[in-house]
Amino acid sequence: DPSGIAMPMFDAERRFHENVARSRWSANTMEYVDGVSSSVLRHPYTIAHAAASELFVASFTLNHVVRLRWIDGKRAQYKVFVKGRDLDGPVGMALDHAGSLFIASFTNDVVLRVNASDGALLDRIGDEESLDCPEGLALSPDGRLFVASFLLPHLSVFDPQSGAFLGRFGALAPQPAQPAPRPAPSLAGAEDVAFDSEGAVHVSAYYSSAVYKFDAQSGALLAVYGQGLVSGPVGIACDPSSGDMFVSSYRDDKVLRFTPGGAFVGVAAGADVSPDGEAGGAPAGGRGGGGGPPRGGGGGGGGG
């Protein structure tokens with residue numbers, strides 16, 4: 001300024017943009033403390049096994065991941081493991097053998113890779129072009145990261161170490177040799193992902209009220225199962241001993257068991273369901289916010 005008068009507003013503006021650009025990631029080095037309560041775990045969503053007697057728990061509304069450990073098998077201690085601006089509505093989690101923890105950040109359309117030992121942020125995987133409200137995460141037997149986005153009709157696949165986007169996968173996703181998406185039943189409201197003992201990938205679809213099974217290499221749709229049996233499926237897991245798939249039916253309070261091929265085996269927990277699909281109880285209504293994680297409090301709404 002020719003007058004020699006300082007103009008602090010320019011410096012303030014510069015500092016503002018620097019703060020916005022700077023990642024405010026916090027890997028908490030605090031010691032474990034007693035007192036796990038709703039003030040620490042509000043809307044706990046997903047659990048990942050960390051080590052002997054330790055768990056990671058994603059707290060959706062508080063935008064952090066808590067690490068729990070059990071003392072003498074009875075008393076729980078905790079510490080807030082990771083938090084920050086990059087983490088907005090944590091949902092799905094997965095651990096690899098290299099010591100990385102992957103966390104789906106629902107509201108800002110990204111998967112974060114952090115050091116599972118000290119919480120250091122290692123990478124941001126995906127963006128608004130490849131993800132839209134990511135929820136379920138799973139690592140395939142060959143090491144690829146599969147991500148289910150609640151607002152996309154397909155899975156997104158990434159290299160977990162480089163973060164490279166490897167492509168779309170599944171129902172309605174274009175295949176390499178096809179100029180347009182192939183016909184397939186609509187996958188709506190993708191929630192969770194699990195691999196069976198043969199390496200096929202299964203996706204629970206909340207709005208479709210079905211589970212989709214795909215060949216994990218070619219992307220071919222192998223089966224759609226659970227129609228008339230599951231109502232708003234959310235969680236899915238494979239039993240390593242039997243190979244059967246367990247699916248949580250959110251709207252009618254059940255966990256159902258299926259063969260890897262999709263044949264109904266029985267009710268693992270909750271009200272009885274007959275093989276012809278007649279439920280023992282009436283559906284209990286929709287999820288808060290119409291599907292997806294709870295929308296209240298500090299967690300965000302839809303992404304994308």
Quick one: give the max-minus-min coordinate of the C-alpha atoms of region 55-121 along each principal axis, largest first, in Å.
39, 28, 17
For Leu139, net neighbour charge (Lys/Arg +1, Asp/Glu -1) across residues whose Cβ lies under 15 Å away:
-4
Using amide H atoms built in the peptide plane, which far-off residues or other-chain residues are under 5 Å from His64 H to H?
Ser59
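What is the packing order of peptides 254-266, 60-72, taking the mean over residues of other C-beta atoms within 10 Å and listing the highest first? Spell out each step's value before the answer.
Values: 254-266: 17.2, 60-72: 19.2.
Order by mean packing, descending: 60-72, 254-266.
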Give me, ordered by chain and number, the residues 5 or more places off Asn108 or on other chains with an amide H under 5 Å from its own placed amide H.
Asp88
Taking the Cβ of Ala223 as the centre, find all other residues whose Cβ is under 15 Å away and add up their charges (Lys, Arg: +1; Asp, Glu: -1).
-3
Take every Cα-Cα distance within region 45-91, group them into 10 Å bins from 0 onward, and report for each bin the whole-number percent of pairs it holds.
30, 50, 18, 2
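Bear in mind these aren't lab numbers, they're just calculated from the coordinates by the rules spelled out. The structure presented is a predicted model; accordingly, all values stated were derived computationally and were not measured. Glycine gets a Cβ as well: all are built from the backbone with ideal geometry, and neighbour counts include every protein chain shown.
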